[in-house]
1. Restricting attention to segment 200-223, and to residues there that are polar (S, T, N, Q) and surrounded by fewer than 20 Cβ atoms within 10 Å (Cβ to Cβ), which single residue is farthest from ligand 1 (Cβ to nearest atom)?
2. Do we find a residue being buried (at least 19 other Cβ atoms within 10 Å of the Cβ) and small (Gly, Ala, Ser) anywhere in segment 57-74?
3. I'd like the residue in segment 231-256 that is outside any helix (DSSP H, G or I) and at pLDDT 95 or above and, out of all such residues, is farthest from ligand 2 (Cβ to nearest atom).
4. Please state which one of LEU137, LEU129 is under 14 Å from the mean Cα position of the chain (by Cα) and away from ligand 1 (no atom under 12 Å from the Cβ).
5. Inspect segment 137-160 for any residue being assigned to a helix (DSSP H, G or I), within 16 Å of ligand 2 (Cβ to nearest atom) and buried (at least 23 other Cβ atoms within 10 Å of the Cβ) and give the result as yes or no.
6. Considering only segment 161-188, state which residues are among the aromatic types (Phe, Trp, Tyr) and away from ligand 1 (no atom under 16 Å from the Cβ).
7. Scan VAL180, VAL134, VAL119 and give me the residue that is within 16 Å of ligand 2 (Cβ to nearest atom) and not acidic (Asp, Glu).
8. Which residue out of TYR114, TYR90, TYR166, TYR99 is over 12 Å from the mean Cα position of the chain (by Cα), buried (at least 24 other Cβ atoms within 10 Å of the Cβ) and within 30 Å of GLY47 (Cβ to Cβ)?
Amino acid sequence: MRIGVLTDYQIKQLDIQSAQGSYDIFGDKSIVSLLVPGRKVSLSVSGSRVVVHVGGLVSYTVSKVMLVPQRTNSSLLFSSRQLNIKKHSYEDALEIFVYKGRLQFVNVVDMNNYISGVVESEGGGGRHLEYYKVQALMSRTYALKNKRRHEKEGFELCDRVHCQAYHSKLRYTPKIRQAVESTSGEVIIDFNGDLVTSYFAANCGGQTCDASYVWNNSVPYLSTFKDTFCLQTRQSRWTKRIPKATWSSFLAKKYGVKESTYGALIYNFDQENRKAFYIHPSLGVPLRDLRKEFKLKSSYFSTKLDGQEVVLSGRGFGHGVGLCQEGAMGMADLGLDYKQIALYYFNKIRIINYYESQFFKQKKDVGTGNL
Ligand SMILES: [Zn+2]
Ligand SMILES: [Zn+2]
């Protein structure tokens, strides 16, 4: 995979150190130098080209720099006090070029190394092996489905939540490596054979949300259903109090829903089962809008008036579509395996080996003359 890293920063100069192993430094196409463990290479922008300093002595100006490890288990370390960049380390190769006047770093990384870094960046430690396997499956599916998202910038996916958080190589949780390697190549496909959009959220509050409530379009493998596995968790319930005047003025200004017309009705809403609209669809107030405006943990809440305040009693955390992370953790702790977990949250899906399926697809295309 080609992952654009440190995309949040406008970097014009940076030192990179080899934390482990030696690296060949390629300037454009030929080897210009060697980076040995503990030494630094300094990179800076000069117009549309990169200036490479190695060991403070030699310097080269090239259009593209590649740092290629001489053997596996090598890693590079980035940090800059000046730019307030904390330590990041990456496995495999690194490509550097100038993009819009700044240095663009692309980690050219093995799929499993990348997925391991993502699962740790997004999920952290202390989870069950089967849970990590589901996460690995979902982020691999995501990565392959979205490979062209940053094509114009010269890489496939970025390292931010825009794509998938990838702060660093896997550092602390060996169990994640085990989960990623034991599901190597596996992805989730829908009944048409297409890679699924692997939505997930922290806690669905006991009922997953229909994709159409959040994004207008419905997704056949993401319907709403009751999830009992996340009910006893920390994030399954929340409350919030909002001044009555704030609540009513938002409803009146944005949707023309006024207390003078509807009375106290506009403060009392019961959402036993998930709905798309506040009170009644005819009022035209989508719950997702209220969630956004009042920064609510979820759109799965009921309301009632208490004096001069509207009290919201909510369930869950996040949009609630797709896999419920706390529910999936609960299932794994109860001894269910990753396939059972994936099939519980996604309807009529299949788990296949992506690379084998590509191979057979090609063979079939050759056979039918489609190539
Ligand atoms: Zn992105
Ligand atoms: Zn849930």
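The values are calculated or read from the model by the stated rules, or taken from the named source; none is laboratory data. All values reported here derive from a predicted model rather than from experimental measurement. Reconstructed Cβ throughout: ideal geometry from the backbone, glycine too, with neighbour counts over all protein chains shown.
1. First, pick out the residues of segment 200-223 that are polar (S, T, N, Q): 203, 207-208, 212, 216-218, 223.
So of that shortlist, the ones also surrounded by fewer than 20 Cβ atoms within 10 Å (Cβ to Cβ) come out as 212, 216-218, 223.
Details: SER212: 24, ASN216: 22, ASN217: 21, SER218: 25, SER223: 28 Å.
Among those residues, the one meeting the criterion is SER223.
2. Keep residues of segment 57-74 that are buried (at least 19 other Cβ atoms within 10 Å of the Cβ), which gives 62, 65-67, 69, 74.
Keeping just the survivors that are small (Gly, Ala, Ser) gives 74.
Scanning segment 57-74, I find at least one residue that is buried (at least 19 other Cβ atoms within 10 Å of the Cβ) and small (Gly, Ala, Ser), so the answer is yes.
3. Restricting to residues being outside any helix (DSSP H, G or I) and at pLDDT 95 or above, the top hit is GLY256.
4. It is LEU137.
5. yes
6. Let us first name the residues in segment 161-188 that are among the aromatic types (Phe, Trp, Tyr), namely 166, 172.
Within segment 161-188, just TYR172 meets the criteria.
7. Residue meeting the stated conditions: VAL134.
8. Checking each option against the conditions leaves just TYR90.
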